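The values are calculated or read from the model by the stated rules, or taken from the named source; none is laboratory data. Since the model is a prediction, treat every value here as computed from it, not as a measurement. Note: ideal-geometry Cβ built from the backbone for every residue, glycine included; neighbour counts use all protein chains shown. Only protein heavy atoms, including side chains, enter the accessible area calculation; ligands, DNA and RNA are left aside. Shrake-Rupley method; radii C 1.70, N 1.55, O 1.52, S 1.80 Å.
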Amino acid sequence: MQANYILDYDTLSPNKPHRIYLMARFIAGSAPEEHTRRPLNISLVIDRSGSMAGEKIDYTRQAAQFLVQNLSIHDTLSIVLYNDKVETLLMPEKVQRKDVISQRIASIKPSGTTNLSSGWLEGCTLVKRHFDSQQVNRVILISDGLANRGVTDSAQLVSMVQQKFNERITTTTMGLGSDFNEDLLIAMASAGGGAFYFIESPEVTPQIFQNELKGLLSVVGQNLTVGILPTRGVQVVSQLNAYPEHSDGDYTAFRMGDIFGDEVKALVLELDLPGYSDIGKKQIALLRFEYDELSQNETHHRIIEIPVMVHIGVETSVPLLPNPDVNQSVMLLKAAQARKQAIKAADTGAFQSAAQLLRDVANEIGDHVDDERLAEERDALRQQAQMIEKGAEAYNVYSRKTLSTQAFYTMTSRHQDTMMLRNRESEREGAGEGDKRATQSVPATGSHQPSMPIEKQPGMTPSYVTWRNVTFRLENDLIRIGRSSHNEIVIPEKSVSRFHCQIKREGDKLILEDLGSTNGTSLAGNMLNKPHILSVGDVIYICDEKLVFHNGDFSE
């Protein structure tokens, strides 16, 4: 674990006040190996109200079964169903009977209304029964509707979640579709120390569950807080993020939640400094990083304190350039804040003002920027401004959720999730309403058709996969393979599971995983029981169906 800070300007002119940005960073250690990770104690709380009928419950069942298949015998799982009533589908037990649990999940049928509070509370009760400070104790709540039974007051629900967090039971929330209350679920996740996810379309549900599970399986620390104690005359103006904060006089602490393997968490603060007359180094604040470091059987409470220093230099006519890392973070967070402000304006009908808020930040980023991430953010802001100025025609419950989610993701060190959400939206728009998945499994044609025998190239990431006489480009971040028509690559054979396996992009690698299929996925004659990094020349079998991975030059 490492902690440090960066200032946008670390050399300042004397005898004049300054406003600067301080980025406090926490860099996690490596993710634990499977045999050394902390056991999980999870209660999965599923909305099964009538609005979940159809694709929503189908994909939720599949995602829950995926979760089961990827837990170990050391993990504890319970499952709660709620509509107007609450039912415990699975009492807490070690995940040993995976087939039995999956069969129970397959029996879930939707009906009734939404008693969200009672379902969530029952999940907390079941986690509490097997609570152990040496485990990761979490409730995962999924809902597609409004809380219309039980406790329906948002402030009261958030207060209840905060109380459970104080008891070290965390809450992740997942909103599915366009009818849930995103403000409530975001606030619950923030108070509960977990994550919030917007499942904008049912078929994304398994991917979201995978993202949450990946985080839980790689927890290396918990209860990270970053505090700042400014020196005399220095004022903390605001945080640009959205972390819960608590101030005790001059000292302010920001709660940043769990720490995942290889993760970088960043907190950006805006500071006002007085004019310093003395040339040389000057301490302007003290940063305090406090967290619980987890090992297999022990928890160590760690504290790291770092003085924040600036250099007061001789004034020069040469303009100083801001630190590029801090500048990127500041602009991304300003964009996120602009989205939050635009939502407030648009909610009152001030659509032109809302659009201008987005354009102002886009213009601040500018047309001539070398940073690809900022260029993408600028273009997204301008597109969203065009959308929102159309008024109620375009600013609807779905677009509001999209803007809210992008703001929250970015403001909680999850900007990559913001970009992935926008990419999925672009794919849907490109596919058109007639076939929303058409662009995700486009067979290669013409010069891309394989034409030569393949050679093994270990470490070389493939660009194509061929099944029978059809070749597919491997160009998306997630490519699922199975019998269901909702997969990116459809293999309509009875022996193939509905969602059999998937390929996920991580950096420049493609990772193949079996999704708990009935008949398994084999590679080089061995059943795949853990993620595999694909290389050119790999051949897998899904039952009797052969798939060959290559770079475009292949023939059987």
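Which residue is least open to solvent (accessible area, probe 1.4 Å), if the candidates are limited to segment 58-80 and must be of a type in the set (A, V, I, L, M) and in contact with a Lys or Arg (Cβ under 7 Å, 6 or more places away or on another chain)? Reasoning before the result, please.
Residues of segment 58-80 of a type in the set (A, V, I, L, M): 63-64, 67-68, 71, 73, 77, 79-80.
Now restrict to residues that are in contact with a Lys or Arg (Cβ under 7 Å, 6 or more places away or on another chain): 68, 73.
Values: Val68: 1, Ile73: 97 Å².
Among them, the one singled out is Val68.
Which residue, of Leu332, Leu358, Leu294, is in contact with a strand residue (DSSP E or B) (Cβ under 7 Å, 6 or more places away or on another chain) and either open to solvent by less than 50 Å² (accessible area, probe 1.4 Å) or at pLDDT below 95 (or both)?
Values: Leu332 fails: in contact with a strand residue (DSSP E or B) (Cβ under 7 Å, 6 or more places away or on another chain); Leu358 fails: in contact with a strand residue (DSSP E or B) (Cβ under 7 Å, 6 or more places away or on another chain).
Leu294 is the lone residue from the list that is in contact with a strand residue (DSSP E or B) (Cβ under 7 Å, 6 or more places away or on another chain) and either open to solvent by less than 50 Å² (accessible area, probe 1.4 Å) or at pLDDT below 95 (or both).
Quick check on this structure: which one of Ser159, Ser154, Ser143, Ser178 is modelled with pLDDT under 95, touching a strand residue (DSSP E or B) at 6+ places or on another chain (Cβ under 7 Å) and not charged (D, E, K, R)? Spell out the reasoning first.
Numbers: Ser159 fails: touching a strand residue (DSSP E or B) at 6+ places or on another chain (Cβ under 7 Å); Ser154 fails: touching a strand residue (DSSP E or B) at 6+ places or on another chain (Cβ under 7 Å); Ser178 fails: touching a strand residue (DSSP E or B) at 6+ places or on another chain (Cβ under 7 Å).
Within the list Ser159, Ser154, Ser143, Ser178, the selection yields Ser143.
So, Asp99, is that one crowded, with 20+ Cβ neighbours inside 10 Å and under 26 Å from Phe499 (Cα atoms) or not?
On the way: crowded, with 20+ Cβ neighbours inside 10 Å: no; under 26 Å from Phe499 (Cα atoms): yes.
No: the conditions fail for Asp99.
Within segment 15-29, is there a residue that is farther than 30 Å from Ser238 by Cα, modelled with pLDDT under 90, open to solvent by less than 40 Å² (accessible area, probe 1.4 Å) and not in a strand (DSSP E or B)? Explain how you work it out, then say what you get.
Within segment 15-29, the subset farther than 30 Å from Ser238 by Cα is none.
No: zero hits.
Just a yes or no: is a residue in segment 282-291 within 24 Å of Thr225 (Cα to Cα), of a type in the set (Phe, Trp, Tyr) and either assigned to a loop (DSSP other than H, G, I, E, B) or at pLDDT 90 or above (or both)? Spell out how you get there, then give the answer.
Our first condition is that a residue be within 24 Å of Thr225 (Cα to Cα); within segment 282-291, this holds for 283-291.
Going one step further and asking which of them are of a type in the set (Phe, Trp, Tyr), we end up with 289, 291.
Going one step further and asking which of them are either assigned to a loop (DSSP other than H, G, I, E, B) or at pLDDT 90 or above (or both), we end up with 289, 291.
For segment 282-291, residues within 24 Å of Thr225 (Cα to Cα), of a type in the set (Phe, Trp, Tyr) and either assigned to a loop (DSSP other than H, G, I, E, B) or at pLDDT 90 or above (or both): present.
All but one of (1) surrounded by fewer than 18 Cβ atoms within 10 Å (Cβ to Cβ); (2) of a type in the set (Gly, Ala, Ser); (3) without any contact (Cβ under 8 Å) to a residue 60 or more places away in the chain; (4) in contact with a Ser or Thr (Cβ under 9 Å, 6 or more places away or on another chain) hold for Ser535; which doesn't?
It fails just one condition, (3).
Looking at (1) in a loop (DSSP other than H, G, I, E, B); (2) more than 26 Å from the chain's Cα centre (by Cα), which is the only condition Ile101 fails?
Failed condition: (1).
Consider segment 472-509. How many of its residues are in a strand (DSSP E or B), free of Cβ contacts under 8 Å to residues at least 24 places away in the same chain and either hydrophobic (A, V, I, L, M, F, W, C) or within 21 Å of Ala64 (Cα to Cα) (or both)? Lay out the reasoning, then the answer.
Our first condition is that a residue be in a strand (DSSP E or B); within segment 472-509, this holds for 472-473, 478-482, 489-490, 501-506, 509.
Keeping just the survivors that are free of Cβ contacts under 8 Å to residues at least 24 places away in the same chain gives 506.
Of the ones still in play, those that are also either hydrophobic (A, V, I, L, M, F, W, C) or within 21 Å of Ala64 (Cα to Cα) (or both) are none.
Final tally of qualifying residues: 0.
Six or more apart or on different chains, Cβ under 9 Å: which pairs go from a residue in segment 282-309 that's on the phi < 0 side of the Ramachandran plot to one that's among the basic types (Lys, Arg) and open to solvent by less than 50 Å² (accessible area, probe 1.4 Å)? Could you list them?
If the second residue must be among the basic types (Lys, Arg) and open to solvent by less than 50 Å² (accessible area, probe 1.4 Å), the pairs left are Leu294/Arg37; Leu294/Arg38; Ser295/Arg38; Gln296/Arg37; Gln296/Arg38.
Considering only residues that are open to solvent by 90 Å² or more (accessible area, probe 1.4 Å) and at pLDDT below 75, which ones fall in segment 444-469?
Pass one, segment 444-469, residues open to solvent by 90 Å² or more (accessible area, probe 1.4 Å): 447, 452-453, 455-456, 458, 460, 468-469.
Residues satisfying the conditions are Ser447, Met452, Pro453, Glu455.
Quickly run through segment 67-98 and pick out the residues that are outside any loop (DSSP other than H, G, I, E, B) and of a type in the set (A, V, I, L, M).
Quick first cut of segment 67-98, residues outside any loop (DSSP other than H, G, I, E, B) only: 67-69, 76-82, 86-94, 98.
Correct list: Leu67, Val68, Leu77, Ile79, Val80, Leu81, Val86, Leu89, Leu90, Met91.
Identify, by number, the condition in (1) assigned to a helix (DSSP H, G or I); (2) surrounded by fewer than 20 Cβ atoms within 10 Å (Cβ to Cβ); (3) in contact with a Pro (Cβ under 8 Å, 6 or more places away or on another chain); (4) among the polar types (S, T, N, Q) that Ser190 doesn't meet.
Checking Ser190 against (1) assigned to a helix (DSSP H, G or I); (2) surrounded by fewer than 20 Cβ atoms within 10 Å (Cβ to Cβ); (3) in contact with a Pro (Cβ under 8 Å, 6 or more places away or on another chain); (4) among the polar types (S, T, N, Q), the one that fails is (2).
Quick one: which residue in Leu157, Leu185 is closer than 15 Å to Asp47 by Cα and open to solvent by less than 70 Å² (accessible area, probe 1.4 Å)?
Numbers: Leu157 fails: closer than 15 Å to Asp47 by Cα.
The unique qualifying residue is Leu185.
Is segment 518-526 home to any residue that is modelled with pLDDT of 85 or more and touching a helix residue (DSSP H, G or I) at 6+ places or on another chain (Cβ under 8 Å)?
No, segment 518-526 has no match at all.
In segment 105-127, which residues are surrounded by 18 or more Cβ atoms within 10 Å (Cβ to Cβ) and part of a helix (DSSP H, G or I)?
Listed by number, the residues that qualify are Ile105, Leu116, Ser117, Ser118, Gly119, Trp120, Leu121, Glu122, Gly123, Cys124, Leu126, Val127.
When the residues of segment 128-140 are filtered to those that are charged (D, E, K, R) and surrounded by fewer than 24 Cβ atoms within 10 Å (Cβ to Cβ), which remaining residue is modelled with the lowest pLDDT? Don't jump to the end; show me each part of the working.
As a first pass, look at segment 128-140 and keep what is charged (D, E, K, R): 128-129, 132, 138.
Still in the list and also surrounded by fewer than 24 Cβ atoms within 10 Å (Cβ to Cβ): 128-129, 132.
Details: Lys128: 94, Arg129: 93, Asp132: 88.
Applying the filter and picking the extreme gives Asp132.
Is it true that Ala385 is open to solvent by less than 40 Å² (accessible area, probe 1.4 Å), in contact with a Leu (Cβ under 8 Å, 6 or more places away or on another chain) and either of a type in the set (Lys, Arg) or assigned to a helix (DSSP H, G or I) (or both)? So that I can check it myself, show each step before the final result.
Values: open to solvent by less than 40 Å² (accessible area, probe 1.4 Å): yes; in contact with a Leu (Cβ under 8 Å, 6 or more places away or on another chain): yes; either of a type in the set (Lys, Arg) or assigned to a helix (DSSP H, G or I) (or both): yes.
In short, yes.
Within segment 198-235, which residues are among the polar types (S, T, N, Q), in a helix (DSSP H, G or I) and crowded, with 19+ Cβ neighbours inside 10 Å? Lay out the reasoning, then the answer.
Here is the first cut: in segment 198-235, the ones among the polar types (S, T, N, Q) are 201, 205, 207, 210-211, 218, 222-223, 225, 231, 235.
If we keep only those that are in a helix (DSSP H, G or I) as well, we get 205, 207, 210-211.
Within segment 198-235, Thr205, Gln207, Gln210 meet the criteria.
Mind listing whichever residues of segment 501-546 are farther than 19 Å from Asp477 by Cβ and among the aliphatic types (A, V, I, L, M)?
Result: Leu523, Ala524, Met527, Leu528, Val536, Val539, Ile540, Ile542.
Could you check, for segment 250-272, whether at least one of its residues is hydrophobic (A, V, I, L, M, F, W, C) and more than 27 Å from Phe408 (Cα to Cα)? Please lay out each step first, then the result.
Quick first cut of segment 250-272, residues hydrophobic (A, V, I, L, M, F, W, C) only: 253-254, 256, 259-260, 264, 266-269, 271.
If we keep only those that are more than 27 Å from Phe408 (Cα to Cα) as well, we get none.
Within segment 250-272 (the criterion being hydrophobic (A, V, I, L, M, F, W, C) and more than 27 Å from Phe408 (Cα to Cα)), the answer is no, since none of the residues qualifies.
Which ones in segment 475-487 are open to solvent by 10 Å² or more (accessible area, probe 1.4 Å), closer than 17 Å to Ser201 by Cα and either in contact with a helix residue (DSSP H, G or I) (Cβ under 8 Å, 6 or more places away or on another chain) or not hydroxyl-bearing (Ser, Thr, Tyr) (or both)?
Asn476, Asp477, Leu478, His486
Consider Asp262 against the criteria (1) modelled with pLDDT under 90; (2) acidic (Asp, Glu); (3) surrounded by 17 or more Cβ atoms within 10 Å (Cβ to Cβ): it satisfies all of them except one. Which criterion is unmet?
It fails just one condition, (3).
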